[in-house]
Structures are given as C-alpha cells and as structure tokens.
Amino acid sequence: MSDPTEAEQPSTAPAAAHHLVAVLDLVTADVEDSAKAYARLLGRSEPSADVDVFATRIRLQPQQSGGHRVLFGVTDIEEHTRVLRRRGLDLSSPATSADPDAESHVEDLPFGVLSATRVPSGSAAATGVAPDISGVDHLVFQSPDRDRAVALFGATLGLDFRLDRRVVDGLRQLFFRRGDLVIEVVVPDHAPDDAPIALWGIAWRSNDIDTTHRRLREGGVQVSDIRTGRKPGTRVATVDDDALATRTIIIATSTPRIDHHRTDGSRE
C-alpha cells in the first residue's frame with residue numbers, strides 16, 4: 001500500500017510495538033479502593049493508581065476529573081493534534097513533542113492523544129502482572145448511532161474499520177482496530193439522539209482462563225462461571241466488582257491472535 005498523503009494520514013496510527021498504545025483514564029469514586037481492585041484483578045502484589053499492562057496503561061482518576069477517557073499513544077503529538085483539529089475535533093493544546101508527558105484531550109468526547117512513551121517489554125512478570133493475564137483484549141464503547149460511530153472512530157480518529165454485524169434484534173456491533181488493540185462499539189437500534197459516545201467496558205485477555213478464574217475466586221473476587229463466548233472459539237467470564245469503575249470481562253481464545261507487523265512498526 002502506498003504512503004498516505006499528509007491530509008490522509010491516520011491521526012492515531014499505532015506507535016511502534018515497544019511504545020505505549022493507549023492510556024485508559026478511569027474515573028472512580030474511590031481511587032484507593034479501585035487500585036486495590038485492579039491489583040486483585042491483575043494479580044499485582046501492590047495496589048497502584050497508575051499501572052502499565054504491556055502496551056496499555058490504567059490511570060485511576062477522582063470523579064471530579066470528568067468521565068472515562070482513552071488516550072492513544074502517538075509519536076508526534078503536535079502533528080496528530082493538528083490533523084485531528086483539521087478533521088473537526090476541538091482539542092486542548094499539548095506541550096511540545098519533546099515532553100514525554102505531553103497529552104491533548106478532545107473536548108466533549110472520551111478521547112485524546114499523548115506522547116507514546118516507552119513501556120516495559122518482556123514477560124508479564126516484568127510488569128508485575130499475573131502470568132495468566134496477557135493484556136487488554138478490547139475496549140467496548142456505546143454509541144447511539146452507527147454512522148456517527150463509523151465517522152468518528154474510522155474517518156476522524158483513523159482506526160481500521162474491520163467488521164459491522166448485527167448480533168441480536170435491536171443491537172449491532174462495530175469493530176475497529178489500532179495495532180494490537182480492538183475497539184468494539186455497541187449500537188442499539190433505538191437510543192436517544194443526544195446519548196453520548198462513552199467507554200462501556202474492558203475485556204482482559206487471558207492465556208489460561210481456568211487459571212485466571214481460579215485465582216480471582218481464591219482472591220475473593222466475584223466472577224461468573226466461565227461460559228462460551230459469542231465469538232467462536234472464545235470462553236469468557238464476567239467480573240462483578242464496582243471498584244473496577246467499568247464493566248469487566250475476562251476472555252480467552254482457543255487460537256492465538258496473529259498480528260501482521262508492517263515495517264513501520266504498525267500492524268495490519
């Protein structure tokens with residue numbers, strides 16, 4: 001595929017594999033309680049309000065911070081902010097790209113971009129996460145309108161639109177991809193026109209869901225029985241813990257997900 005022009009370049013094209021892909025700012029009524037909940041979920045020995053899980057970072061924020069937000073890691077935050085503004089988004093001004101903490105937020109939408117700082121590589125043990133957890137599998141958003149979601153996630157944010165399917169009467173799922181991260185958007189047929197697009201839940205990927213399930217129950221976490229997932233070859237379990245600040249499931253697949261790396265560090 002030929003290189004896109006500057007105006008066409010996806011504004012959230014994935015950073016290299018050894019850089020941060022996304023930061024999840026989760027708003028909670030009790031940051032300390034939520035930090036403990038994520039320590040239980042991820043098998044960490046010490047609670048923290050700022051946790052790296054492979055190429056994703058969880059940041060727990062107090063309620064006065066607003067709503068949940070997903071920040072995509074980019075290598076040139078000034079350029080990406082400029083492109084997103086040209087596409088009609090109202091963003092806060094970032095610091096310079098040389099600032100490793102630079103970030104820019106989209107006004108009135110749960111998105112933003114930040115400098116793609118390096119994150120630890122290697123095994124789960126290196127990041128302090130239980131070896132049965134292999135990262136965030138996908139994020140789930142809600143949208144009141146299918147076309148609005150396609151325009152925002154695909155054309156504006158530059159995510160790869162992979163699938164549109166109706167799962168049951170009255171509900172459809174859209175799937176987008178950014179590197180190794182999958183974005184699922186749930187769209188009901190009849191939703192209020194003024195309903196916001198919002199982060200609805202997180203699916204954590206397990207390489208051994210039986211081990212994850214046993215570990216969570218032994219740690220006092222309320223988790224459903226393991227069941228067959230909607231996608232063929234998957235098994236899932238729902239975690240019931242309000243302190244996690246969003247809906248949470250564990251998912252495992254019978255075949256590993258294969259990522260096709262491009263020479264620029266992105267994936268197909």
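The values are calculated or read from the model by the stated rules, or taken from the named source; none is laboratory data. Everything quoted here is computed from the prediction, not taken from an experiment. Backbone-built Cβ (ideal geometry, glycine too); neighbour counts: all protein chains shown. What goes into the accessible areas is simple: the full protein's heavy atoms, side chains included, and nothing from ligands, DNA or RNA. Shrake-Rupley method; radii C 1.70, N 1.55, O 1.52, S 1.80 Å.
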**Fill in**
Within segment 57-71, of all residues that are at pLDDT below 90 and not in a loop (DSSP other than H, G, I, E, B), the one least open to solvent (accessible area, probe 1.4 Å) is Ser65
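For every residue, the table says whether it meets (1) over 24 Å from Ala151 (Cβ atoms); (2) assigned to a helix (DSSP H, G or I); (3) open to solvent by 50 Å² or more (accessible area, probe 1.4 Å).
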position: Asp25; (1), (2), (3): no, no, no
position: Ser34; (1), (2), (3): yes, yes, no
position: Arg44; (1), (2), (3): yes, no, yes
position: Gly73; (1), (2), (3): no, no, no
**Asked** When you look at Phe54, is it in contact (Cβ under 8 Å) with a residue 60 or more places away in the chain, open to solvent by 10 Å² or more (accessible area, probe 1.4 Å) and hydrophobic (A, V, I, L, M, F, W, C), yes or no?
**Response** yes
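Being crowded, with 18+ Cβ neighbours inside 10 Å, out of contact with any Pro (no Cβ under 6 Å at 6 or more places or on another chain), modelled with pLDDT of 95 or more and among the polar types (S, T, N, Q) is the requirement here; does Ser11 meet it?
Answer is no for this residue.
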**Request:** Please work out which residue is surrounded by the most Cβ atoms within 10 Å (Cβ to Cβ), limiting yourself to segment 181-222 and to residues that are over 18 Å from the mean Cα position of the chain (by Cα), among the hydrophobic types (A, V, I, L, M, F, W, C) and at pLDDT 95 or above.
**Result:** Leu216
**Item:** Residue selected from segment 248-265 under the condition touching a strand residue (DSSP E or B) at 6+ places or on another chain (Cβ under 7 Å) and farther than 17 Å from Thr212 by Cα, by the criterion modelled with the lowest pLDDT
**Value:** His261
**Item:** Filter pass, Phe141 being modelled with pLDDT of 95 or more, within 16 Å of the chain's Cα centre (by Cα) and closer than 26 Å to Gly43 by Cα
**Value:** yes
**Request:** Take Phe153 and decide whether it is surrounded by fewer than 18 Cβ atoms within 10 Å (Cβ to Cβ) and of a type outside the set (Asp, Glu).
**Result:** no
**Ala245 closer than 22 Å to Ser48 by Cβ, under 18 Å from the mean Cα position of the chain (by Cα) and either modelled with pLDDT under 95 or not polar (S, T, N, Q) (or both)** = yes
